[in-house]
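The values are calculated or read from the model by the stated rules, or taken from the named source; none is laboratory data. Please read these numbers as outputs of a predicted model, since none were measured by experiment. A quick note on method: Cβ atoms are made from the backbone with ideal geometry, for glycine too, and the neighbour counts reach across all protein chains shown.
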Amino acid sequence: MKLPSRRILAVLSVTALVASACSSSATPSPAGNTPGPTAAVTAAVTPAPTAAAGQTPVEVVSWWTTGGEASGFNAIIDAFNTANPTIQVTNSAIAGGAGSNAQAALQNRVLAGTPPDSFQVHMGHELLDTYVTPGYMDNLDDLYAANGWTTQFPKGVLDIVSAKDASGATHYYSVPLDIHRANVLWYNKTVFTSNNLTPPATWADFVTDAKVLAAKGITPLAVGDNGIWASGMLLEVMLIAELGSDGYNGLWTGVTDWSGAKVTAALNDFKTVLGYVNSDHSSLTWDQAADYLIPASAGAQPKAAMTMMGDWAAGEFDNKKFTDYGWIAAPGTTGVYDALADSFGLPSKAQHKDQVKLFLTLLGSAAGQDIFNPYKGSIPANSTAGHPATGAKQYSAYQTWAMGEWKADSIVPSLEHGAAAKPSWKGAVEAAVTVFVANPDVPTLQAALVQGCKDAGICK
Ligand code: GAL
């Protein structure tokens, strides 16, 4: 598979602004940029894992604890540990989708000077604003040169894992492992066929289907927002549906008016759709909500018909051996790929740099990406990957579809997964969504979003 650099570049045309803004990798937190971990964060030190005699322990932190996420990461760690008997890589995973718990813990450790040897971080603003600009990461220029990654990763990816130093030289700061799509609607195929329904192409179609499903006692849309990011992602997708890719991109650059009628329409859609979700949404994780599409026993009616979730849900379904699922682009977003990517970097205070660099080398390689991604639901970031070994887990029908979409779609950056805006702005959106989910008042939400853009320094 070949990942088109032109398209990733489009994704990250917004985030690439950050890379140029972050031109000095060595200087601490310039004004106007989101600071990295600060002294206000309470330091929490996690004990380093132990390894057997004769082995060097390498601690890596992710938030992959469930389903295909854990399976994929464990598979690549096992492959590494088997090939490197003197090293033992351990995944100190911290549960919480989208890093809702891991990110705070990681910042505490980086600040305390006791980071893990490497950790999961989204490419773009999350990596650059939080860790690179304040000077907490070593560059990985040697790995990029030794492995030919400057030609294997698309230019748009390279742009947002790198920053320029004072002399204008580019340095690379993390190794991208996957590309995910946030805007996918998953549905139970039997529920749709047995009710003569068509998966909804628009949010208006969704409401038509939802009324039929609700009358049958099936929750139309499963949501698990005990991490508020899941509802934030629903809002993000509503904004894409109403504004289109250019209009959505303009939200993050000050070109699109947050107080405009199209944003109001998206917020009204959001309010309507929240009327068709499970009443226990705030107590569920994203994967528990996705599991509502899986019948408790063969032939039973599942709790819910659909869920709007990133394509890590494909990994969850596959891991649960649930095959009766279909997917489409989230309503109103056909032809738009709401993208994000997980990467791993090298903290300056890592204890086992030589060993973790070997692990990072596997993560960035085509072979490593073809071990991990088939489990995860994502597509590889390395454009030379896409060919798992015979006998190994292969890419699914969903992933084959996603690879094709990736080549054809407009690419936009996900807010909730660290690509579209600096972390403090994402936090402001999440605070507003938290209020809205409990009390869905559109003018209040819109006013908070307008203010969020101003506070981010992007809107006047
Ligand atoms: C995203 C991450 C994905 C997946 C998801 C749910 O932020 O990029 O890889 O883990 O959260 O946990």
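All conditions but one from (1) free of Cβ contacts under 8 Å to residues at least 60 places away in the same chain; (2) closer than 24 Å to Lys216 by Cα; (3) of a type in the set (S, T, N, Q) apply to Thr307; the one that does not is (1).
When Ala341, Ala402, Ala420 are screened for being farther than 24 Å from Gly68 by Cα and either touching a helix residue (DSSP H, G or I) at 6+ places or on another chain (Cβ under 9 Å) or among the β-branched types (Val, Ile, Thr) (or both), only Ala420 passes.
Answer yes or no: is there a residue in the stretch 359-382 that is in contact with a Lys or Arg (Cβ under 8 Å, 6 or more places away or on another chain), among the charged types (D, E, K, R) and under 25 Å from Lys155 (Cβ atoms). Looking for residues that are in contact with a Lys or Arg (Cβ under 8 Å, 6 or more places away or on another chain), among the charged types (D, E, K, R) and under 25 Å from Lys155 (Cβ atoms), one finds none in the stretch 359-382, hence no.
Within the stretch 110-124, restricting attention to residues that are within 22 Å of the chain's Cα centre (by Cα) and away from the ligand (no atom under 13 Å from the Cβ), the residue that is nearest to Pro423 (Cα to Cα) is Val110. One residue stands out in the stretch 336-359 among those that are charged (D, E, K, R) and within 18 Å of the chain's Cα centre (by Cα): the one that is farthest from the ligand (Cβ to nearest atom), namely Asp338. The set of residues in the stretch 257-310 that are of a type in the set (Val, Ile, Thr), buried (at least 23 other Cβ atoms within 10 Å of the Cβ) and under 22 Å from Glu69 (Cβ atoms) contains only Thr307.
A quick yes/no check of all residues on (1) surrounded by fewer than 23 Cβ atoms within 10 Å (Cβ to Cβ); (2) in the same structural domain as Met123 (by TED's automatic domain parsing):
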residue	(1), (2)
Tyr398	yes, yes
Trp401	yes, yes
Gly404	yes, yes
Lys407	yes, yes
Lys422	no, no
Glu430	yes, no
Ala438	yes, no
Ala447	yes, no
Val450	yes, no
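Entry remark, the stretch 271-310: residues being of a type outside the set (S, T, N, Q), within 14 Å of the ligand (Cβ to nearest atom) and not in a helix (DSSP H, G or I) number 4 in total. List the residue pairs whose Cβ atoms are under 9 Å apart, where the first residue sits in the stretch 319-330 and is over 15 Å from Gln301 (Cα atoms) and at pLDDT 95 or above, the second is in a loop (DSSP other than H, G, I, E, B) and acidic (Asp, Glu), and the two are 6 or more positions apart or on different chains. The qualifying pairs are Trp327/Asp311; Ala329/Asp409.
When you scan the stretch 368-375, do you find a residue that is within 19 Å of the chain's Cα centre (by Cα), away from the ligand (no atom under 16 Å from the Cβ) and not in a loop (DSSP other than H, G, I, E, B), even just one? The answer is yes; a qualifying residue exists.
Looking only at residues in the stretch 311-335 that are outside any loop (DSSP other than H, G, I, E, B) and crowded, with 24+ Cβ neighbours inside 10 Å, the one that is farthest from the ligand (Cβ to nearest atom) is Phe317.
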